[in-house]
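These notes are about the structure you will find just below.
The values are calculated or read from the model by the stated rules, or taken from the named source; none is laboratory data. As the structure is a prediction and not an experimental result, all values here were calculated from the model. Note that each Cβ is placed from the backbone with ideal geometry, even for glycine, and that neighbours are counted across all protein chains shown. Just the protein is used for accessible areas: all its heavy atoms, side chains included, with ligands, DNA and RNA removed. Shrake-Rupley method; radii C 1.70, N 1.55, O 1.52, S 1.80 Å.
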Amino acid sequence: MEPYDHTKIEAKWQKRWEEEGRYEFDEKSSKPKYYLLVEFPYPSGEGLHTGHVRSYTALDIVARKRRMEGKNVLYPIGWDAFGLPTENYAIKTKTPPAVVTRENTDNFRRQLKSLGLSFDWSREVNTTDPAYYKWTQWIFLQFFKKGLAYKKKTLINWCVDCKIGLANEEVVDGACERCGGSTEKREKEQWMLAITKYADRLHDDLDTVDYEERIKIQQRNWIGRSEGAEISFQLVASGFQKNLKAKTKKLPAIKVFTTRPDTLFGATYMVLAPDHEIIENLKSEIKNWDEVVRYIVVTKKKTEIERTAEGKEKTGVRLEGVTAINPANKEEIPVYVADYVLKEYGTGAIMAVPAHDKRDFEFAAKYGLPVRIVIEPVTGTPLENEEKRTSIVALVYDPKKKKVLTLDWGKALGGRLFIGGGLEEGESPEAAARREIREETGYVNLKLVAVSEKIHHHYFAHSKKVARAIEATGLHFELLDDAKEETSLEANEKFKVEWVDPEEAGRTVADELHHFVFNKFMRHELYSCHEEGGILADSGTFTGLSSEAAKKKITEFVGGNMKVTYKLRDWVFSRQRYWGEPIPLVFCEHCEQCHKKLKEISNFQFPISEKESKIKNSKLKIEASEGELLNPGWVPVPESELPLELPEVGVYTPTDSGESPLSKVKNWVETTCPKCGGTAVRETDTMPQWAGSSWYYLRYIDPHNDNALADKKKLEHMMPVDWYNGGMEHTTLHLLYSRFWHKFLYDIGAVPHSEPYRKRTSHGMILAEGGEKMSKSKGNVVNPDAIVETYGADTLRLYEMFMGPFEQAVAWSEKSIVGPRRFLERVFKMAGKAKDGARDSELEGTLHRAIKKVGEDVERMRFNTAVSEFMILANEMDAREAIGKGEFETFLKLLAPFAPHAAEELWARLGHKTSVHDEAWPAYDEAKLKRAMIKIAVQVNGKVRAEIEVSAEAPESEVKARALAEPKVAAHLAGKEPARVIYVPGRLVSVVT
RNA sequence: GGGCGAGUAGCCGAAUUGGUAUAGGCGCGCGGCUUAGAACCGCGUUCCGCAAGGAGUGUGGGUUCAAGUCCCACCUCGCCCACCA
């Protein structure tokens, strides 16, 4: 047998497969389709990354397995080639980005092909190809025409280095996501896409798709839907309550949004965002107007960085002369402006409940505002037949020793606790606490420092063997001196009195209630925010209700309404850059004037539908889409003129004013208006990188179509994508954006399904050796080329699948690669042992179990255990003198998706003229999975004492009898009769005395 | 501060979802083969103990005949988001 020469073998088969066109998708096939998608790479100058290899190999394995299962598989690849690194490189070297892109894609293609990935290379797409971005532009025009693209002057994040506007999502810790440079706020007219109009559908439709749960959670968090209430607070001139009869000016009411209407009785002040419009209207009422204006001006100047750099210190100014009425209890409460309230979220105004919101608490503490507790916490789990009680938990702290007093009741009675006990008839909580402390520990000289709110606690009292529901009060004492009285004898026996370090106590106190009290007093969690299961206090007729029930009732009571809000913002779609899709719009002053006049005359409301607008404007003989009405003067480039190609420019640097380099190409910018024929100028902003990747999966289906983004019938047949795998870093932005585009395309009838991806999974990052991120600057990037050269593509594929759980981050380890390599060498040596007629029933069982395991592992993306199963199987086969040829062939079929070249080579060496990849995926025989004899563990009181071997069919009674007959079992029973004997079929026997 | 996830051998990690903890790989040790080395093959490899036995999955509790797995609390690390009411 020839040795394993990976270079020769891999080159040979890659060439053969390519000549055969074996992985090109066959549109005429009658087999059921299966569409597998991986995130297409950004072809950077650094070349392929080990992370690409991980994701692409994983779905390559799925693709190859699906083909063996009789599916017609589409597994395409392409290039997401617009983007900053290429452009920055072009600026530096004065090379056209298109040239750089071609060089990089050539390199990537070579690298991907060297891995034996079964991509259909005939369907390659490239986002920078005019034939491709023609349709990116077309989609943008549809957004525009439907009024979902609009120009808006906004404060944008501006990267000083890149000279580019960034979406909020692209600013990380106040720095630019791409270059890491500092950012500032700048005002700029930007094209926006109204993704918020799709917020509810993007949220709700997650229920209809099969995404990993963590991905759904991240998407939902990003959309940030929160249900709450809008409640109106009437503003009045201060002193309203006292002068009820006196005439007071009628001031406006202010709507606030809150997720916690149940805490309304605890609202002790109100806060407006500094840019809230109403402030201006209140000018005449506000006595300290100058101060308020000064504050507003200062906060406006602050950039986001300055605001965060300042730390958590809250600032604000009270509006003197204006107060608000709390609609729940009619109390008059002060009104503040403060920058911790955001204009963009909710209504830009809040009711502040310092007792149950951390930010409100901080603010209240600084400005001396009242804190009113209206929610009492609930701890523990309710049990049956609870006995009701009122009791206390006393936390005694010795400031000299810096220790807290605990009682150790031992394991059986509930571990370490503070001092606790019930109230006696007519006793106050303080008196009860002092009594309990004296009785249990003897200490008598104590100072009461603080008292908690009532805590509703459910627990099982081990000492009395009874379930209890108690209303407990926490009391915080400080020890004044060591004076002690004698304690009861009973107390001395039951528990140990110990002074322990607070840290230690916080870690080891066993009971939830005691933890709560500890956190309150020792960790100074003075406010308490009990989202779930709290009980209302001090809230009028609502006192005693649960938080959950009170939300709706209180909202109704004050005439508010339940409302849904989202965190998601509209998408800033303009970039002041060269290397992106030109936005196909022109600006025409003449048309702008027309629209202004039109607006005056017809007095219509925005937005109105396209149809409606046509009718309304017919008299004026003007046809306009919603986009034009929304953005006066902006006219779309006719679809017949697409693609609007990027012109050649000599210099790629953005202008100092922040405009795209395109603005300097005079003969491109100056054009005629497609609508009125007058002079017009082109939009010089380009689209963000996310644009091209928002629909590429559609183009793969029909990559050369010049009449539509893809043929409808083909879309109907191929969509949705059956399985999409990509990085966790794209689960919020790319995934959400592309779902948004797809839903829009569905709405305008361009695609036949409302969700693009049926199933989405995510792989974990590959870290450098030592657990750090791989990065060029750290010089720890692993180049797949080197690994392929020394060990071979199959070894690299196996290693990356084996290195750890697919969905988790794992560190690269050069040393460990030899494991999979040795495995393959062993398989090559073993091939010589494969003989006709060498049958082995024991091996057959192992083989069938492996078929089952490997198959299931691939479906669940547990590639690491699948590879481990291969190793076990190989070890077992290799331990024999001879292996049945059929069994070895089955093994090769299982291995084929993972190590396609090695499997193909050995398959050929066995004398086959056809490809192993054309074989059917092996099926396992349920009957052969079972073992004849099984090992059963025997436990005595939870400890394994013996192991017996019994027939798999042995009845329960026999197994139990055998177990009890074991000498070691008998010895540990020590003559006692077993109280119970439990048999878990095929697993163990548990004997309990 | 919030959300999500993770903590198992010297290291990467398994554990059929509550049923014999540590499979597989790396590393290490011993032995074989070899002039020698590499490669390869075999055996061993959680800790304490001569053994019987005992301890053991970040920490403290709980539920259970039985807990790495479920519940409560805490600690540490990672990722994502953060003045989102």
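Looking at A:Val466, A:Val444, A:Val497, A:Val451 in this structure, which one is β-branched (Val, Ile, Thr) and closer than 15 Å to A:Thr406 by Cβ?
On the way: A:Val466 fails: closer than 15 Å to A:Thr406 by Cβ; A:Val444 fails: closer than 15 Å to A:Thr406 by Cβ; A:Val451 fails: closer than 15 Å to A:Thr406 by Cβ.
Going through A:Val466, A:Val444, A:Val497, A:Val451 in turn, the sole match is A:Val497.
Does A:Ala81 satisfy the condition of being part of a loop (DSSP other than H, G, I, E, B), open to solvent by less than 10 Å² (accessible area, probe 1.4 Å) and in contact with a Pro (Cβ under 7 Å, 6 or more places away or on another chain)?
Details: part of a loop (DSSP other than H, G, I, E, B): yes; open to solvent by less than 10 Å² (accessible area, probe 1.4 Å): yes; in contact with a Pro (Cβ under 7 Å, 6 or more places away or on another chain): yes.
Answer is yes for this residue.
Which residues, taken from segment A:907-927, are farther than 25 Å from A:Glu859 by Cβ and either among the aromatic types (Phe, Trp, Tyr) or open to solvent by less than 40 Å² (accessible area, probe 1.4 Å) (or both)? Walk me through how you get there before you give the answer.
Within segment A:907-927, the subset farther than 25 Å from A:Glu859 by Cβ is A:908-914.
Matches in segment A:907-927: A:Ala908, A:Leu910.
Open to solvent by 10 Å² or more (accessible area, probe 1.4 Å), within 22 Å of the chain's Cα centre (by Cα) and among the hydroxyl-bearing types (Ser, Thr, Tyr): does that describe A:Thr732? So that I can check it myself, show each step before the final result.
Details: open to solvent by 10 Å² or more (accessible area, probe 1.4 Å): yes; within 22 Å of the chain's Cα centre (by Cα): yes; among the hydroxyl-bearing types (Ser, Thr, Tyr): yes.
Criteria met by A:Thr732.
Give A:Pro399, A:Pro382, A:Pro377 a once-over and let me know the one that is under 40 Å from the mean Cα position of the chain (by Cα) and open to solvent by 30 Å² or more (accessible area, probe 1.4 Å).
Of the residues listed, the single one that is under 40 Å from the mean Cα position of the chain (by Cα) and open to solvent by 30 Å² or more (accessible area, probe 1.4 Å) is A:Pro382.
A:Lys366 fails exactly one of the following numbered conditions: (1) touching a Ser or Thr at 6+ places or on another chain (Cβ under 7 Å); (2) open to solvent by 70 Å² or more (accessible area, probe 1.4 Å); (3) within 15 Å of RNA strand B (Cβ to nearest atom). What is the number of that condition?
Among (1) touching a Ser or Thr at 6+ places or on another chain (Cβ under 7 Å); (2) open to solvent by 70 Å² or more (accessible area, probe 1.4 Å); (3) within 15 Å of RNA strand B (Cβ to nearest atom), A:Lys366 violates only (1).
Within segment A:407-420, how many residues are within 11 Å of RNA strand B (Cβ to nearest atom) and touching a residue at least 12 places away in the same chain (Cβ under 8 Å)?
Narrowing segment A:407-420 to residues within 11 Å of RNA strand B (Cβ to nearest atom): A:408-417.
Those still in the list that are touching a residue at least 12 places away in the same chain (Cβ under 8 Å) too: A:408-410, A:412-417.
So the answer is 9.
From the list A:Tyr56, A:Tyr75, A:Tyr34, exactly one residue is out of contact with any Pro (no Cβ under 8 Å at 6 or more places or on another chain), surrounded by fewer than 23 Cβ atoms within 10 Å (Cβ to Cβ) and among the aromatic types (Phe, Trp, Tyr). Which is it? Write out each step before concluding.
Details: A:Tyr56 fails: surrounded by fewer than 23 Cβ atoms within 10 Å (Cβ to Cβ); A:Tyr75 fails: surrounded by fewer than 23 Cβ atoms within 10 Å (Cβ to Cβ).
Selected residue: A:Tyr34, the only one of A:Tyr56, A:Tyr75, A:Tyr34 that is out of contact with any Pro (no Cβ under 8 Å at 6 or more places or on another chain), surrounded by fewer than 23 Cβ atoms within 10 Å (Cβ to Cβ) and among the aromatic types (Phe, Trp, Tyr).
Under the condition of being among the polar types (S, T, N, Q) and within 15 Å of RNA strand B (Cβ to nearest atom), which residue from segment A:306-347 is modelled with the lowest pLDDT?
Residues of segment A:306-347 that are among the polar types (S, T, N, Q), as a first pass: A:308, A:315, A:323, A:326, A:329, A:347.
If we keep only those that are within 15 Å of RNA strand B (Cβ to nearest atom) as well, we get A:308, A:315, A:326, A:347.
Details: A:Thr308: 50, A:Thr315: 87, A:Asn326: 93, A:Thr347: 89.
Applying the filter and picking the extreme gives A:Thr308.
Condition first: more than 9 Å from RNA strand B (Cβ to nearest atom), free of Cβ contacts under 8 Å to residues at least 24 places away in the same chain and within 30 Å of A:Lys33 (Cβ to Cβ). Can you find one or more residues in segment A:843-851 that meet it? Give the derivation first.
So in segment A:843-851, the residues more than 9 Å from RNA strand B (Cβ to nearest atom) come out as A:843-851.
Subset that is free of Cβ contacts under 8 Å to residues at least 24 places away in the same chain: none.
There is no residue in segment A:843-851 that is more than 9 Å from RNA strand B (Cβ to nearest atom), free of Cβ contacts under 8 Å to residues at least 24 places away in the same chain and within 30 Å of A:Lys33 (Cβ to Cβ).
When the residues of segment A:327-342 are filtered to those that are out of contact with any Leu (no Cβ under 9 Å at 6 or more places or on another chain) and under 30 Å from A:Trp222 (Cα atoms), which remaining residue is most open to solvent (accessible area, probe 1.4 Å)?
For segment A:327-342, the residue satisfying everything is A:Leu342.
Are any residues in segment A:108-135 buried (at least 19 other Cβ atoms within 10 Å of the Cβ), out of contact with any Pro (no Cβ under 8 Å at 6 or more places or on another chain), of a type in the set (A, V, I, L, M, F, W, C) and not in a loop (DSSP other than H, G, I, E, B), and if so, which ones?
Of everything in segment A:108-135, those that are buried (at least 19 other Cβ atoms within 10 Å of the Cβ), out of contact with any Pro (no Cβ under 8 Å at 6 or more places or on another chain), of a type in the set (A, V, I, L, M, F, W, C) and not in a loop (DSSP other than H, G, I, E, B) turn out to be A:Leu112, A:Trp135.
Consider A:Phe265 against the criteria (1) open to solvent by less than 30 Å² (accessible area, probe 1.4 Å); (2) modelled with pLDDT under 90; (3) not in a strand (DSSP E or B): it satisfies all of them except one. Which criterion is unmet?
Against the list (1) open to solvent by less than 30 Å² (accessible area, probe 1.4 Å); (2) modelled with pLDDT under 90; (3) not in a strand (DSSP E or B), A:Phe265 comes up short only on (2).
Looking only at residues in segment A:852-881 that are touching a residue at least 40 places away in the same chain (Cβ under 8 Å), over 41 Å from the mean Cα position of the chain (by Cα) and open to solvent by 40 Å² or more (accessible area, probe 1.4 Å), which one is farthest from A:Met801 (Cα to Cα)?
A:Glu881
Could you please find all residues in segment A:928-944 being small (Gly, Ala, Ser), open to solvent by 30 Å² or more (accessible area, probe 1.4 Å) and touching a residue at least 40 places away in the same chain (Cβ under 8 Å)? Spell out the reasoning first.
Restricting attention to segment A:928-944, the residues satisfying the condition of being small (Gly, Ala, Ser) are A:932, A:937, A:942.
Within this subset, residues satisfying the condition of being open to solvent by 30 Å² or more (accessible area, probe 1.4 Å) are A:932, A:942.
Hit for segment A:928-944 is A:Gly942, nothing else.
Considering segment A:639-662 alone, what residues qualify as being touching a strand residue (DSSP E or B) at 6+ places or on another chain (Cβ under 9 Å) and either surrounded by fewer than 19 Cβ atoms within 10 Å (Cβ to Cβ) or hydroxyl-bearing (Ser, Thr, Tyr) (or both)?
We begin by selecting, within segment A:639-662, every residue touching a strand residue (DSSP E or B) at 6+ places or on another chain (Cβ under 9 Å); these are A:643-647, A:654, A:658, A:660, A:662.
Matches in segment A:639-662: A:Glu645, A:Pro647, A:Gly658, A:Ser660.
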